[in-house]
Amino acid sequence: MASPPTVLVLRLGLKSLMLHKLRSLLAVLGIMIGIAAMIAMVTIGEGSKQEALDQIKRLGATNIIVRSVKPPDDSSTQTRRILEYGLVYEDFDRFTRVSTVWRGLPMRTFPYEVRYLARKVDGRVVATTPMYAEMNQLRLSRGRFLTDSDEELIKNVAVIGSHTAEALFGFEDAMGKVVKINNHYYKVVGVMLRRTPTAGAGGSQAAEDFNDDVYIPLSTCRARFGETILNRQSGTFSAERVELRQITLSVHDTSEVRGTAQIVETLLKKYHKRPDWALTVPLDLLEEAERTRRLFNMLLGSIASIALLVGGIGIMNIMLATVTERTREIGIRRALGAKQRDITVQFLIEAVLLTGLGGLIGLVLGLVAPEGIRMVAEHFFNSDVVRTKINFWSLPIAIGFSIAVGIVFGLYPAQRAAQMDPIEALRHE
């Protein structure tokens, strides 16, 4: 007797599974949960990891970032005391003379009230050079960023963040308007596109919200504000003298990053008697994030494997019960000339159909669940912390795993069915 065609075997398998719908559904439940969990965790995990990696990459893998930090002995809250610490312009000159450094970006930042007519907003003044937008990957909504001419001529011009523009001007066009910072007026020459705030990267890199920024030329800041910044908040007075808040240095290749960072660190220790600086190497953060990403993927794989193992054991139990129930059917088929291979293939196909169906349902649930969680978080909790990113390579792998589980855990019941003695099987009641 010739082996039945594959289409017929598939039809027989589907018919057999449909005879016990509830049992078949319960059998694939473990596979569904395992695949759904794997896809959902990968989708949410990849979204979160990609967001963190993008933030680190925006810092620049070939960059070295040095920041001013208030030393522990200057944490006093005494009034009318000028705290002097951090980076100075001489540091910038020393760093840029290092042979491997091909460009440097100095900047000062401090909170300050920005006014337009009767409106005001607490923004962050960022005094920097035209290179800032390129190195921080900022994009303009309209207008232009700072230019070399602004820096050289000490112009009173400003580029404002999206939130600052909305708070001060509402539906008005900010271009060409004049804002007041301290006792000086600045012409708005550009408005930035909205950008998602960054989380802190590493112990020495603080979180940043670029949307509240007001960018002015560094030379203008030195001329208008001097080196000492006065802050008055809630009846308290404080003054700080910080020449530069941050210096970002760039090298040509990642192979030069660590060597240059060591030179910069040596210079800092030599000319700074107190620990009033912090050095961040984004390349180290990026590599650490990549290692964490690989470990996280291994963890996800382990969790999914356990769920699939449990589901596979359930499939094996159901298939063994099915073999026992269909003993007489197996005997009849063998008496009519079916070979052991035909019986094995039939029960293997039924097991694969079960796990494949469970895998497909689990895949759909795994893709829908993260998006649902994200929408609930945004709608009810006004939070956008849930990030999703579909890794399309995980979809065929998930289906492949579910089919593999069907083959592995369906093989023993199929062989047991094929090895039955036809005469004993026909006698079975």
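Numerical summary
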quantity	calculated
Accessible-area ranking of His163, His272, largest first, probe 1.4 Å	His163, His272
Prolate/oblate/rounded label for the range 74-157 (Cα gyration tensor, a/c 1.5)	oblate
Cβ-Cβ FRET estimate between Glu325 and Glu290, R0 fixed at 51 Å, reported to 0.05	0.45
Inter-label distance, nm, simple model (7 Å from Cα along the C-beta direction), Arg144/Ala335	9.5 nm
Radius of gyration and maximum dimension Dmax of the range 268-328, Cα, Å	27.1, 91
Pairs of alpha carbons in the range 324-377 whose separation is greater than 15 Å (percent)	65 percent
Rg to Rh quotient for the range 219-358, alpha carbon positions, Kirkwood Rh	1.49
For the range 142-195 versus the range 284-318, the gap between their alpha-carbon centres in whole angstrom	50 Å
Gyration tensor over alpha-carbon atoms, the range 115-198, equivalent ellipsoid semi-axes in Å	19, 17, 11
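The values are calculated or read from the model by the stated rules, or taken from the named source; none is laboratory data. Since this is a predicted model, take the numbers as computed values, not measurements. Cβ coordinates were reconstructed from backbone atoms using ideal geometry, including for glycine residues, and neighbour counts include every protein chain displayed. Side chains are part of the model used for accessible areas, which takes the heavy atoms of the whole protein and leaves out ligands, DNA and RNA. Shrake-Rupley method; radii C 1.70, N 1.55, O 1.52, S 1.80 Å.
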